[in-house]
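The values are calculated or read from the model by the stated rules, or taken from the named source; none is laboratory data. The model shown is predicted, which means the values in this text are computed figures rather than measured ones. Positions of Cβ are backbone-derived with ideal geometry, glycine not excepted, and every protein chain shown enters the neighbour counts. Just so you know, the surface numbers come from the protein's heavy atoms only, side chains and all, with ligands and any DNA or RNA stripped out. Shrake-Rupley method; radii C 1.70, N 1.55, O 1.52, S 1.80 Å.
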Amino acid sequence: MRRVIPTQTDCNWVESYEMKSAQAEDEEAQILIGWLNNKKPELGEVRLLSPAMRSYFLCLCQFRVIKGVLYYEWLDDLGIRSLRLFVPKSLRR
């Protein structure tokens, strides 16, 4: 995940439409967006998923879709909230 300025939901290293389309091709991002759209799975289904997806499921209330792009809301030790861009596997190093 990549940090973004809370008031700015566009990323400075890739256009939002490119991120939106990259996330549309990413299986994990699509599952998360589906969960956020009230398609939550049964607990038995979650157990069959990867460790990363099980972790995302436990933090589901911290994910947001803004302008069609998936973000994770981070709360630091000082209580400051920031958005983290969910980077698809195809764009990770």
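Points to keep in mind about this one:
- Unit charges on C-beta of K, R, D, E only; dipole of the range 28-93, Debye: 240 debye
- For residue 25, neighbours were defined as the other residues whose beta-carbon sits under 14 Å from its Cβ, and their charges (Lys and Arg +1, Asp and Glu -1) total -1.
- Each Lys or Arg adds one and each Asp or Glu takes one away; over the other residues whose Cβ falls under 9 Å from the Cβ of residue 71, this sums to +1.
- Of all accessible heavy-atom area on the range 20-91, the percent that carbon and sulfur account for (1.4 Å): 54 percent
- Accessible area (Å², per residue) of the range 12-93, counting only protein heavy atoms and a probe of 1.4 Å: 68 Å²
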